[in-house]
Structures are given as C-alpha cells and as structure tokens.
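For reference, the structure discussed in these notes is given below.
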Amino acid sequence: MRIAIASDHAALDLKAELREWLIDEGHEVADLGPDTADSVDYPDFGYKLAAAVADGTAERGIALCGSGIGISMSVNRNPAVRCALVSEPLSAALAREHNDANCLALGARLTGIEMAKACVTAFLETEFGGGRHQRRVDKLSNPPATDDS
C-alpha cells in the first residue's frame, strides 16, 4: 500500500519508527516531513498529507503531532479526507469500517510505539463496510448548504 506520513517536531521520533516499520512490512512510504526536530507548524504538514491522499498519491495517510489533535484538524480541512484521531486499535478499525477513514492521526506524547503500531495495523487491515455507512460517509464530503437568513 502507498502510505504518506507526516508530523510536526513533537512526533519526529514516532514518525521515523513508524516509517521504518511500515517499509519493513512491505509498504511504500512517502515521508512528507519534517526532517529535523526544529519547531514547525503542524498545519503545514497536515495540509501536505491531506493533499497527497486527496490526489491519490497515497492510498492512506498517517498524521502525527504531540497530541494528534492539531494535525488531525488540519488534515480534515480537505473535504476529500477523513482523518480519525485514535488511541487504541478498536477505534482505528471502526474508523475504517464505519467511516471509511483514509487518514489516521496519533499523538506522539500520548501513544507508545507498540500501541501506535497496533492502531496502524488495525487501520490498514480493516476494510470499509459500505452499505448503510456509505450514505453517511458521502455526507461528510458534501455538507448541506447553510441558510444565511
């Protein structure tokens, strides 16, 4: 699978460990940065990750920051992307099965490497359930117009 991964400076080490592990697992991984521990703005990397998933460069994305919250918010600004912030594997699996999440967010300050791997595994191995979930997922990318009155 083609996977894009990006972080901020707080998640640089987790990103490096996950990138190497994913490559060892046979995935094609595009590391979208950053490359150093210098302070960066997580939205810049979240937007870059979202664009790679939205345009099909990557089939899935993994977004990392200190808590996972900020970068997930930036990734979700792209209407073609559904990024789920998780802390354990069941949520990662349900995000795929019910919500067709195409990006996963993790907090490096909150999630150890083994739990992160378990979450990523569940995320990558779970298929979207379709069916009744499809109409709900369709609404995520097409919100109704608001009434300006």
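Scanning the range 60-108 for residues that are at positive phi and in contact with a His (Cβ under 8 Å, 6 or more places away or on another chain) gives a single hit, D100.
Listed here are the residues, each with its yes/no results for (1) under 21 Å from A16 (Cβ atoms); (2) in a helix (DSSP H, G or I); (3) at pLDDT 95 or above; (4) not aromatic (F, W, Y).
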{"site": "D38", "(1), (2), (3), (4)": "yes, no, yes, yes"}
{"site": "L64", "(1), (2), (3), (4)": "yes, no, yes, yes"}
{"site": "S67", "(1), (2), (3), (4)": "yes, no, yes, yes"}
{"site": "G70", "(1), (2), (3), (4)": "yes, yes, yes, yes"}
{"site": "N78", "(1), (2), (3), (4)": "no, no, yes, yes"}
{"site": "A95", "(1), (2), (3), (4)": "no, yes, yes, yes"}
{"site": "R109", "(1), (2), (3), (4)": "yes, no, yes, yes"}
{"site": "A116", "(1), (2), (3), (4)": "yes, yes, yes, yes"}
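Residue pairs whose Cβ atoms lie under 8 Å apart, separated by 6 or more positions or on different chains, with the first residue in the range 19-32 and assigned to a loop (DSSP other than H, G, I, E, B) and the second not hydrophobic (A, V, I, L, M, F, W, C), are H27/R2; L32/K48. Take the conditions (1) closer than 25 Å to N142 by Cα; (2) touching a Leu at 6+ places or on another chain (Cβ under 9 Å); (3) not aromatic (F, W, Y); D35 misses just one of them, which is (1). Considering only residues in the range 30-59 that are touching a His at 6+ places or on another chain (Cβ under 7 Å) and not polar (S, T, N, Q), the one that is surrounded by the most Cβ atoms within 10 Å (Cβ to Cβ) turns out to be P34.
The values are calculated or read from the model by the stated rules, or taken from the named source; none is laboratory data. Because the structure is predicted, anything quoted here is derived from the model rather than measured. Because the Cβ atoms are built from the backbone with ideal geometry, glycine has one as well, and the counts that use them run over all protein chains shown.
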